[in-house]
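Read the structure below first, then the notes.
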Amino acid sequence: MVKQLRLLLRKPPPIFTKTPLEPPNSFFLSNSHSTLSSTPATDEKYTPTSQIDIERQELLENLQVLIQKSRFDSVKELIKPVVTSKTLFSSPSELCAAFSLFNPSLTWSFYSLVLYSCADSKLPNEAMGLLQIVRKNGGFPGMDAFNKLIDCLVSTQQFDTVLNVFDDALNSGFRVEKFAHAKAIQSAVKLGKLGRGLELLNLMKERNCGVNVFVYNVLISGFCKDRRIKDALQLFDEMYQRNLVPTEVTYNTLIDGYCKAGCLEEAFSLKERMKLDNVAPNQVTFNSLLNGLCKVQRIEEVGEVLEEMKSHGIVPDNFTCTILFDGYAKSGDADTALGIMDKMESFSLQPSFVTFNSLIKKFCESGNMEEAEQWLARMRDKGVAPTVETYNILIDGYGRNHVIDRSFEMLERMENYGLKPDVVTYGSLINSLCKEGKLVEAEVCFGDMVGRGVLPNAHIYNMIIAGQFDAGNLPAALGLFDEMLRNNVVPTLVTYNTLISGLCKNGKLQKAEDLIPQMIDRGLTPDAITYNSLILGYSGARKISKSMELYESMKKKGIKPTLSTYHSLIGVSSRKGLLQVDQIYQEMLGFDLIPDRVVYNALIFANVEHGDIEKAISLHDEMTNKGIDLDKMTYNSLIWGNLKMGDQKKVIDLVSDMKARGIILKADTYTILVEGHCKQKDFDGAYSWYREMVDKGFLLAASKCNELVRGLREEGRLKEVEIL
């Protein structure tokens, strides 16, 4: 036997030979005792010739005895250090192969036990490898092993794999328990596949698996995060119908969802309902409500919530104070923020660097850099040492506010305090320089980073690649991508999206599309941004069929279109007629997307282009009623439409309104006015707009100028012709 093992360990054979071992009809651990044998596979005796052979022999004998005595927990504990250390056996599959030679009759029980131990040790790849061997031979692991594997995959965030394993189990007729169902639903929600989550919930109901509160909490959380509060509330009501009692987690999830959606009245109402159900609000409840109030700047109501917290015996924690800091900082009320700090200290809460960093970040985001620096000084006064993150926030803040010199001053100050810049520091500096078009300086900064031993990551490369594309430097951008690969920096989804977007903007559409298979080979899944870049590129090239093909492809793959998808499609579809424009618009509404200014502008332009001016005006009114600001594109389309109808008074009103809103008329608007009046044979009006255009420093295109000259000459306006 030892000779067999030694040969096996020198060159591990496949677990099954050309005539594989036939698995028993069932090898679930629950009934594996029926196949147990107390007789070893062979009576042939070998003398171990090395210490490791002796240890392997002893291990396999001990494992056999324990399995035969049904002491499965002891077997698992014995296996765990073997599969984690890989000292006696190089892999779990090798251990299984050795045991199958040692006692073939226990093979399948042993596979389940090793699979369980791998999953329990958070070794998902090894566990999946064993599952594949078992499945290839027509079997399935024991229930405990299966559940443990599912749990391991969830905890290591391999949610796609969970669903694949779960589906395989269902299709194989394997009896899946409530635990695995719940974990599959959790995985679907984590992937954003809420529809799939509901399908699995219905499956649980059909199979009478005993849907529990955990399942509903997971789904409610998913719908809240997706801002689908109505669907979350429907599940909440369904819980009641099934006599399931909502927990603190259920209520807090819904309250937080309402707060994040800005539905504060509903959130406070739910808090009262919580009390009626004898579920006491806790720290999480009140923090969510405070966060909701601060987000919508209902600061005056914060005090009432704090008093209610006090009445429940709940003392504000650091997170509470951070929320309040954020709220008052956003409102620009630095004095109140100081007061909160004093109150924190009265609760024996010492503000940490996290609290200060959060507050400094808020002032940076609002552009109040002076106040941000004052809080940096207060941070030191309170005995809290600024961290690398503190300075990174300030460096990024100055960069975003286009004061890059101050960013570098902060870098110098940071180093003077003995803090070393990290990849985030350099990322902020490089990002700011790229946004300003200072690519040479960005390259110098990149070189300094490498020289200091700070290795650039994918995020750094992504920013510089984007900067080169924005500057039209395609060879430089693609060269950086090659360098990234040479340096073993793994490209991310953002990397590929940056490349695809840059190539599309520069007209290299096929080259951009050729990157999709490369992405997939690297395990990356194209998302809405990927498709939007391609659709925008092909729409710009007026390739309607290709744009629609990509649109249909993204829907088939379960990728939800965004407003950006429709910004491109509505415009390009106008060439096919208003019927297709309306069809796409209705599909957009079907995805619960709310039209924005760009969508309205595209719709108005399409209707004007096809002569439906009344519809264009109706869309303009709808846009105004929704409080969406009109821009130059909106006015240009409406002016063009009213010129087509010959409504000169409306045109004058639109131009006046445009000026009143502070929208400066430029060459494009003047060109529409001149051309429109020419088409109406109103050359006097066209000439008047031309004169204003020239006075503002704009020139009319030669073709339009010639059209105006011809019209004036026909009317005998030779003086004006001479001036032109």
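Taking the conditions (1) more than 19 Å from the chain's Cα centre (by Cα); (2) assigned to a helix (DSSP H, G or I) in turn, residue 138 satisfies each one other than (2). Scanning the range 501-527 for residues that are crowded, with 17+ Cβ neighbours inside 10 Å, within 19 Å of residue 460 (Cβ to Cβ) and not polar (S, T, N, Q) gives 502, 524. Quick one: in the range 221-273, of everything that is free of Cβ contacts under 8 Å to residues at least 24 places away in the same chain and hydrophobic (A, V, I, L, M, F, W, C), which residue is nearest to residue 209 (Cα to Cα)? Checking each candidate, the answer is 235. Residue count for the range 47-69 satisfying the condition of being assigned to a loop (DSSP other than H, G, I, E, B) and surrounded by 14 or more Cβ atoms within 10 Å (Cβ to Cβ): 1. Restricting 533, 539 to those that are of a type in the set (Ser, Thr, Tyr), within 19 Å of residue 467 (Cβ to Cβ) and surrounded by 14 or more Cβ atoms within 10 Å (Cβ to Cβ) reduces the list to 533.
Evaluate the following for residue 700: is it under 50 Å from the mean Cα position of the chain (by Cα) and farther than 28 Å from residue 628 by Cβ? Here the answer is yes, as residue 700 does meet what is asked.
Apart from one condition, residue 236 fits all of (1) at pLDDT 90 or above; (2) over 25 Å from the mean Cα position of the chain (by Cα); (3) more than 22 Å from residue 195 (Cβ to Cβ); the exception is (3).
Consider residue 389 against the criteria (1) surrounded by fewer than 21 Cβ atoms within 10 Å (Cβ to Cβ); (2) over 24 Å from residue 442 (Cα atoms); (3) not small (Gly, Ala, Ser): it satisfies all of them except one. Which criterion is unmet? The number of the failed condition is (2). Among all residues of the range 437-447, there is at least one that is outside any helix (DSSP H, G or I) and modelled with pLDDT under 90.
Entry remark, the range 564-580: residues being β-branched (Val, Ile, Thr) and more than 18 Å from residue 591 (Cβ to Cβ) number 1 in total.
Within the range 409-425, residues that are without any contact (Cβ under 8 Å) to a residue 24 or more places away in the chain reach partners that are surrounded by 19 or more Cβ atoms within 10 Å (Cβ to Cβ) with beta carbons closer than 6 Å, at six or more positions or on different chains, in the pairs 410/391; 410/394; 410/395. Of all residue pairs spaced 6 or more apart or on separate chains, those with beta-carbon atoms under 9 Å, a first member in the range 294-306 that is within 20 Å of residue 281 (Cβ to Cβ) and of a type outside the set (A, V, I, L, M, F, W, C) and a second member that is in a helix (DSSP H, G or I) and modelled with pLDDT under 80 are 295/326; 295/327; 295/330. Quick check on residue 98: is it surrounded by 19 or more Cβ atoms within 10 Å (Cβ to Cβ), within 20 Å of residue 156 (Cβ to Cβ) and assigned by TED's automatic domain parsing to the domain that holds residue 147? No; evaluated as a whole, the condition is false for this residue. Just to be sure, is residue 361 within 28 Å of residue 275 (Cα to Cα), at pLDDT 80 or above and not in a loop (DSSP other than H, G, I, E, B)? Here the answer is no, as residue 361 does not meet what is asked. Among the numbered conditions (1) more than 27 Å from the chain's Cα centre (by Cα); (2) at pLDDT 85 or above; (3) surrounded by 17 or more Cβ atoms within 10 Å (Cβ to Cβ), the only one that residue 344 does not meet is (2). Just to be sure, is residue 244 in a helix (DSSP H, G or I) and over 25 Å from residue 157 (Cα atoms)? Judged against the criteria, residue 244 is not a match. Against the test of being within 24 Å of residue 598 (Cβ to Cβ) and not in a helix (DSSP H, G or I), the options 676, 641, 697, 662 yield a single qualifying residue, 662.
Out of (1) part of a helix (DSSP H, G or I); (2) out of contact with any Leu (no Cβ under 9 Å at 6 or more places or on another chain); (3) not aliphatic (A, V, I, L, M), the odd one out for residue 690 is which? Unmet for residue 690, out of (1) part of a helix (DSSP H, G or I); (2) out of contact with any Leu (no Cβ under 9 Å at 6 or more places or on another chain); (3) not aliphatic (A, V, I, L, M): (2).
The values are calculated or read from the model by the stated rules, or taken from the named source; none is laboratory data. Treat the numbers as computed from the prediction; the structure is a model and nothing was measured. No Cβ is skipped: glycine too gets one built from the backbone with ideal geometry, and neighbour counts run over all protein chains shown.
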